[in-house]
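Notes follow the structure.
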Amino acid sequence: MENVRATARPAVWLMLGIILVALNLRPSMAAVGPLLSAIRGDIPLSFSVASLLTMLPVMTMGLAMFFGIGISQRLGERRTVVLSLLIIGGATLTRLFLDSAAQLIVSAVLAGIGIALIQALMPALIKSRFPDNVALCMGLYVTSIMGGAALAASFAPRVMLDTGSWRAGLAIWAALALLALLFWLAQRDDAPPITTTAVKREAFFTHSRAWLLAIFFGLGTASYTCVLAWLAPYYVENGWSEQNAGLLLGFLTAMEVISGLVVPAIANRSRDRRLVLSALLVLIIGGFCGLILSPQHLSLLWPGLLGLGIGGLFPMSLIVSLDHLDNPQRAGGLTAFVQGVGYLIAGLSPLLAGVIRDRLGSFEWAWWSLTAVMVVMLLIGLRFDPRQYARHVR
């Protein structure tokens with residue numbers, strides 16, 4: 001990876017470029033849920049098979065994390081981002097021409113590879129370029145990821161209605177990749193690289209704290225991926241239109257954006273993140289309980305609670321991982337490991353929820369299962385005492 005000081009390029013332009021790139025990391029998945037009934041009307045898909053559209057790219061993201069930093073070190077950050085955006089944009093554009101479930105799944109996997117390369121690069125890039133504002137910049141980055149999901153969930157049904165094609169609702173997000181690509185290419189890249197020591201990511205397999213961080217990130221992201229895949233179909237089954245269900249998912253992701261901006265800024269006041277993590281998990285638990293017990297009443301409250309909790313938990317999980325190490329390259333290697341293992345865990349949740357729906361005829365038991373998972377995470381989060389970081393990961 002090329003490590004250049006933030007002063008070599010105006011920091012605000014670099015951050016804007018990161019934001020535009022991050023907006024492309026979820027539309028390929030977020031647009032699917034609101035359009036699922038239309039897709040299933042055209043292409044035969046069980047809920048279990050439909051879950052692969054979220055599960056496989058997430059698991060691909062996990063696997064690719066283990067070689068993503070190596071690729072970025074060989075290609076440099078600029079070429080890595082360009083390559084990733086080309087993969088994401090190309091995979092998204094091909095959805096205009098899909099005729100089968102297999103083709104749809106392949107496009108999702110390809111997009112997942114492009115997403116993973118960027119997600120492996122960005123935490124280390126942010127920690128090296130913005131060392132005094134890691135929590136804030138990570139919040140902006142992760143919030144932009146969720147903002148992309150909000151855009152896709154909210155407007156994909158509108159595009160489908162205007163064009164009469166669900167394929168257009170999935171493929172239009174290639175334009176977002178083109179915008180980010182043009183902006184990234186337009187930035188100057190004339191600063192000399194700083195020599196860095198490559199991090200052996202395999203070393204983290206021997207650290208129990210790295211595994212605990214990965215499990216924590218994976219379980220938290222499991223709630224995100226499951227809600228992303230199944231919240232809109234859940235409300236369509238409860239009598240909502242596709243457009244309204246998509247707008248509800250968009251509202252949830254908008255709450256994630258707000259939380260992703262505000263929570264890291266609040267947490268930046270103290271290195272001890274445990275109280276913030278606990279509060280976020282309690283919000284998620286409340287959201288899932290409301291979703292199960294009273295989905296039609298206070299219908300904005302429950303997704304709102306989920307969005308606020310998930311939106312803050314996602315960046316905070318990465319920030320806690322970055323907190324464990326001061327060296328940007330080692331911290332980047334740790335977060336790559338955490339995301340790699342974590343996304344493999346999280347990728348299973350849409351599939352398990354789809355199987356539950358096929359077997360039991362309802363998503364409610366999936367929500368109950370995730371509620372129990374959040375309780376387990378409360379217990380794990382209490383172990384993240386910053387005074388003990390040095391002895392856990394050396």
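Of note:
- Among L219, L93, L360, sorting on how many other beta-carbon atoms sit within 10 Å of each Cβ, with the fewest leading, yields L360, L93, L219.
- Gyration tensor verdict on the stretch 39-103 (Cα atoms; rounded if a/c is under 1.5, prolate if a/b is larger than b/c, oblate otherwise): oblate
- Calculated P(r) tail over 14 Å for the stretch 264-345, as whole % of Cα pairs: 67 percent
- Of G290, G62, G112, the one that fluctuates the most in a GNM where the chain has Cα springs shorter than 10 Å: G290
- Put in line by how crowded their Cβ is, counting other Cβ atoms within 10 Å and starting with the fewest, F66, F216 read F66, F216.
- Length added when fully stretched, F97-L63, from 0.36 nm per residue minus Cα-Cα: 9.5 nm
- Over the stretch 248-298, the alpha carbon radius of gyration divided by the compact-protein estimate 2.2 N^0.38 Å works out to 1.34.
- Relative contact order for the stretch 255-381: 33 percent, from Cα pairs under 8 Å spaced at least 6 residues apart, divided by residue count.
- Net length gained if the chain between S369 and L382 were fully extended (0.36 nm per residue, minus Cα distance): 2.6 nm
- Each part reduced to its alpha carbon centroid, the stretch 43-121 and the stretch 337-383 end up 22 Å apart.
- Each Cα pair under 8 Å and six or more residues apart adds its separation to the average, and for the chain the resulting relative contact order is 28 percent.
- Ordering I87, I310 from the fewest to the most neighbouring beta carbons within 10 Å gives I87, I310.
- Sorted into 5 angstrom bins from 0, the C-alpha pair distances of the stretch 136-183 split as 6, 19, 20, 23, 17, 9, 4, 2, 0 percent.
- Sites L185 and I266 - FRET efficiency at Förster radius 30 Å, r taken between beta-carbons, to 0.05: 0.25
- Radius of gyration over Kirkwood radius for the stretch 204-282, both on Cα atoms: the Rg/Rh ratio is 1.09.
No lab work stands behind these numbers, since they all come straight from the coordinates. Everything quoted here is computed from the prediction, not taken from an experiment. Here the Cβ is made from the backbone with ideal geometry for all residues, glycine too, and neighbour counts use every protein chain on show.
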